[in-house]
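The values are calculated or read from the model by the stated rules, or taken from the named source; none is laboratory data. Small disclaimer: the values here were computed from a predicted structure and weren't measured. Don't worry about glycine lacking a Cβ; one is built from the backbone with ideal geometry, like all the others, and counts go over all protein chains shown.
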């Protein structure tokens, strides 16, 4: 009986340690955000993001300030209009300090948007804050590499 109690304590302790890894928790929020975007799941996206006026998003040279601005004028239209979405985050590197975490990552995305094929990749940064319901995204910034300029026409 004593041996079973010790084994049970070790298992419970290992599970508690695994569940309390803030870096892993933050990475899971970021991956869940990408999956929810792929699956057109606004309910999950709503749960993962902070809802304050302090939310900032910078993508493709455009800025959104506040959750409502981002949700209504950027996120929701893309989620509703993109088809066959494949969105992946890799190389997630996270730092946690108290109730704030920041991560850098690489991303790839492919989709159909307004009858055009999108294939993109780039780098991103996310800032999250620990709230009563877990980690919430408060800042998101992605950037894609510059496109090569078109070649000048050959002289005549």
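For residues that are closer than 15 Å to residue 133 by Cβ and crowded, with 19+ Cβ neighbours inside 10 Å, tally how many sit in segment 34-47. First the steps, then the outcome.
Filtering segment 34-47 down to residues closer than 15 Å to residue 133 by Cβ leaves 43-47.
Restricting the remaining residues to those that are crowded, with 19+ Cβ neighbours inside 10 Å gives 45.
Final tally of qualifying residues: 1.
Within segment 140-148, identify whether any single residue is in contact with a helix residue (DSSP H, G or I) (Cβ under 8 Å, 6 or more places away or on another chain) and farther than 12 Å from residue 60 by Cβ, and answer yes or no.
There is no residue in segment 140-148 that is in contact with a helix residue (DSSP H, G or I) (Cβ under 8 Å, 6 or more places away or on another chain) and farther than 12 Å from residue 60 by Cβ.
Kindly indicate the residue of segment 47-67 that is touching a residue at least 12 places away in the same chain (Cβ under 8 Å) and under 24 Å from residue 114 (Cα atoms) and also farthest from the chain's Cα centre (by Cα) among those meeting that condition. It would help to see each step written out before you state the result.
Quick first cut of segment 47-67, residues touching a residue at least 12 places away in the same chain (Cβ under 8 Å) only: 47-60, 62, 65-67.
If we keep only those that are under 24 Å from residue 114 (Cα atoms) as well, we get 57-60, 62.
Numbers: 57: 11, 58: 13, 59: 13, 60: 16, 62: 17 Å.
Per the criteria, the residue is 62.
Here is a list of conditions, (1) modelled with pLDDT of 95 or more; (2) loosely packed, with under 15 Cβ neighbours inside 10 Å; (3) farther than 19 Å from residue 35 by Cβ, and residue 62 meets all of them except one; can you say which number that is?
Condition not satisfied by residue 62: (1).
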